[in-house]
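Heads up, the thing below is written out as structure tokens.
The values are calculated or read from the model by the stated rules, or taken from the named source; none is laboratory data. Fair warning: this is a prediction, and the values are worked out from it, not measured in the lab. For neighbour counting, all protein chains shown are included, and Cβ atoms are generated from backbone atoms with ideal geometry for every residue, glycine included. Accessible surface areas use protein heavy atoms only, side chains included; no ligands, DNA or RNA. Shrake-Rupley method; radii C 1.70, N 1.55, O 1.52, S 1.80 Å.
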Amino acid sequence: MKTVFSGVQPSGTPTIGNYLGAIKHFVDLQKDYRSFFCIVNQHAITVPQNKQELQHNTRSLAALYIASGLDPEKATIFIQSEVPAHAQLGWMLQCIAYIGELERMTQFKDKAEGRSGVPGALLTYPPLMAADILLYGTDIVPVGEDQKQHLELTRTLAERFNQQYNDIFTVPETKIAGSGARIMSLQNPEKKMSKSDSNQKAFISMLDGEKTIMKKMKSAVTDSGREIRYDPESKPGVSNLLTIYAISKNISIKEAEQKLSSESYGSLKEETGAAVADILVPLQERHAELMNSSELDDILDKGAETARQASSKMLAKAERAMGLERKK
Ligand code: ATP
Ligand code: MG
């Protein structure tokens, strides 16, 4: 059975971008793959986080994974910092990564921009991400479009390690979703939607209530003209809404276009808001139930245990390959 690994940072509440571009696909993949889905809290601290918020968001993200349909009987759901092998292998992969290739990462450039003190870990984020993936002998990594560059670097680091030390790592394939892979900001459709955006109106979070969803949709930036047509070049705002509508309804963008082409921008926003609420509202009930349950802790304890066992073999192999194992 092939292995899938992916993660989301508890750097805020996941958005519909995270859901449509990543989490929704995790749920589909768990049936056919040995599955590991991680809450990558060590990635989240590469930018400053409030301690209480980070703890809350970590638990909340775990509950959202399950509320979205991840099944702890099928998938291992765990918190990154509870499995020390991630940071250990992350350090080793930092040792073989070049500063030049890390500086070329667009996420580094975007997140470093405008900061007075740029944390070193923003630069060394990709080797930790490579470690997350390589520890489990991962075959495929489902991610949104923005993570493609990091996945290419993961492949490069795996190949470099295999060549320089020992051929131990599986070189993983990137699996990018079709149309949901790049959901754009509601306030600036030239920019991707992000949960850490300081403008709350730019995203719909998975925990926004129906009223908030409708309000945020209403204030979404559209384009000049009145025509509803999928054309990301000249109509990025409308195209983004059509994309959200189509995936939420499980129909193609062509079908969404046909259905809505005679409507006004106002009703496009309303229909899209309603389609999103139809998905999120039921899921939020399950989330609330899990947040205050010991069931969630049991799942995370078991997940951490399984992940610790599964990752320990690869860590030992990597240490042996690099000469970190003591010679007796
Ligand atoms: P942050 O702003 O803190 O980086 P984020 O919204 O980018 O948060 P991540 O935790 O970095 O979320 O990414 C989790 C997963 O969601 C990744 O697979 C990423 O590619 C995917 N993803 C993030 N944003 C989008 C988006 N706008 N559309 C589709 N997929 C996305
Ligand atoms: Mg991100």
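Take Met193 and tell me if it is aliphatic (A, V, I, L, M) and farther than 20 Å from Gly17 by Cα.
no
Considering each of Gly114, Gly90 in turn, give the residue that is modelled with pLDDT under 95 and more than 20 Å from Ile176 (Cβ to Cβ).
When all the criteria are applied, what remains is Gly114.
Residue by residue, here is whether (1) open to solvent by 40 Å² or more (accessible area, probe 1.4 Å); (2) closer than 27 Å to Met206 by Cβ holds:
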| position | (1), (2) |
| --- | --- |
| Thr272 | no, yes |
| Ala288 | yes, yes |
| Ser293 | no, yes |
| Met314 | no, no |
| Gly323 | yes, no |
| Lys328 | yes, no |
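How many of the residues making up the range 150-167 are in contact with a helix residue (DSSP H, G or I) (Cβ under 6 Å, 6 or more places away or on another chain) and either surrounded by fewer than 16 Cβ atoms within 10 Å (Cβ to Cβ) or more than 22 Å from Lys313 (Cβ to Cβ) (or both)?
Of the residues in the range 150-167, 3 are in contact with a helix residue (DSSP H, G or I) (Cβ under 6 Å, 6 or more places away or on another chain) and either surrounded by fewer than 16 Cβ atoms within 10 Å (Cβ to Cβ) or more than 22 Å from Lys313 (Cβ to Cβ) (or both).
Identify the single condition in (1) within 17 Å of Ile183 (Cα to Cα); (2) open to solvent by 60 Å² or more (accessible area, probe 1.4 Å); (3) of a type in the set (S, T, N, Q) that Ser264 does not satisfy, given that it satisfies every other one.
Single failed check for Ser264: (1).
I want to confirm something. Restricting to the range 185-196 and keeping residues that are more than 7 Å from ligand 1 (Cβ to nearest atom) and buried (at least 18 other Cβ atoms within 10 Å of the Cβ), which single residue is nearest to Lys111 (Cα to Cα)?
Ser185
Among the numbered conditions (1) open to solvent by less than 70 Å² (accessible area, probe 1.4 Å); (2) farther than 29 Å from Glu152 by Cβ, tell me where Pro172 comes up short.
All conditions pass for Pro172, except number (2).
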